[in-house]
Amino acid sequence: MIVALLAAALLTGCGAQPSKAGSAAVVGDHAIPVSTVESRFDSVLQSRPRMLEQLESENRKDELASRIAAFTVRQELADRAARRQNLRVTEQRITEWIERQGGAEAAMSETIFTADQARSVARSLLLMRELGSEQLPKVSVRFDYTSATTRAEAKSKAERMARGPEQAAELIAEDSASGSPAGEGRELRAANNPRMAASTPLFAAESGTVLAFRGSGRSTRWMVARITERRISDEQGQTPAMGSAAQLEQQFGARLLGLTAQRTGVELSPRYGVWDPVAVTAVPEEEQRSGFRL
């Protein structure tokens, strides 16, 4: 039942006025200047006139700016997470990654960045992979959970669970008695299902956090979970060998940035939308956030 509920509630990759003038976002005590985002925005549109024409015809230039701002925030989060865990990426690894993509131009051709930004982007992606590779074999979570069918219901249940363990237990008992998927003390280990781990925010939350997140596509099912324990084991599990292991590690590392964002705080300028603390990205409006983190 828990696997089925998770499968239905997996996601596909705190908004407030920044405290420092002229900032696109504030991550912890670090302000990301608007000029950084604008420079990247101008650079990609100047080098890709067809993209500019398409975005203008579809009135989507603001969407591109938001995507650039969101990735720039994730870069800062990746740097902070890497420093916390004493991880680094050498210049040689960055060069090798770019060469495997066929050079800087080819590496950035399907992205929102240009060739001159290839090393910065590659470094951040490799840091995310390092974060994922480091924790994927080790991390597990224990949580209490229930389910919801609408955003409003999920928010209401999340707020109730966030009031404390007694209220959470009462809600779970009520939902379980009514036949809804719900339970206490469930444990998941990331290494046992890497694909699931890379697709859920459950492993990227402090103990005591309540998460509510919905399924992608046509799914209407929400999961509401209260993390009771997040544990890093000394004994590493073995992740399955698969061709997409590197991609899964990077995706998992990107998910883990939600934990760093929770620890440091992220404030996004309204000009780029609002910060989605579950999907770790920017979205146009609060109601488009993929869930709740309380």
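The values are calculated or read from the model by the stated rules, or taken from the named source; none is laboratory data. For clarity, every value in this text was computed on a predicted model and none was experimentally measured. Cβ coordinates were reconstructed from backbone atoms using ideal geometry, including for glycine residues, and neighbour counts include every protein chain displayed.
In the condition set (1) part of a strand (DSSP E or B); (2) at pLDDT below 90, residue 5 is compliant with all but (1). Inside the stretch 189-205, can you point out the residues that are at pLDDT 95 or above and of a type outside the set (Gly, Ala, Ser)? Residues satisfying the conditions are 189, 201, 202, 203. Checking the condition polar (S, T, N, Q), modelled with pLDDT of 95 or more and closer than 24 Å to residue 289 by Cα, which residue from 92, 75, 17 passes? From the options 92, 75, 17, the qualifying one is 75. Filtering the stretch 100-115 for residues that are under 20 Å from residue 279 (Cα atoms) and either under 25 Å from the mean Cα position of the chain (by Cα) or modelled with pLDDT of 95 or more (or both) leaves a non-empty set. May I ask you to verify whether residue 168 is surrounded by 15 or more Cβ atoms within 10 Å (Cβ to Cβ) and in a helix (DSSP H, G or I)? Judged against the criteria, residue 168 is a match.
Residue by residue, here is whether (1) at pLDDT 95 or above; (2) buried (at least 16 other Cβ atoms within 10 Å of the Cβ); (3) assigned to a helix (DSSP H, G or I) holds:
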position: 118; (1), (2), (3): yes, yes, yes
position: 127; (1), (2), (3): yes, yes, yes
position: 143; (1), (2), (3): yes, yes, no
position: 157; (1), (2), (3): yes, yes, yes
position: 172; (1), (2), (3): yes, yes, yes
position: 186; (1), (2), (3): yes, yes, no
position: 208; (1), (2), (3): yes, no, no
position: 211; (1), (2), (3): yes, yes, no
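Contact map, the stretch 260-280: residues that are under 19 Å from residue 135 (Cα atoms) paired with residues that are among the small types (Gly, Ala, Ser) and in a strand (DSSP E or B), Cβ distance under 9 Å, separation 6+ or inter-chain. Pairs shown: 278/212; 278/291; 279/291. Every test in (1) outside any helix (DSSP H, G or I); (2) surrounded by fewer than 20 Cβ atoms within 10 Å (Cβ to Cβ) is passed by residue 99 save one, and that test is (1). A single member of 84, 88, 93 is of a type outside the set (Val, Ile, Thr), assigned to a helix (DSSP H, G or I) and either touching a strand residue (DSSP E or B) at 6+ places or on another chain (Cβ under 7 Å) or closer than 26 Å to residue 31 by Cβ (or both), and it is 84.
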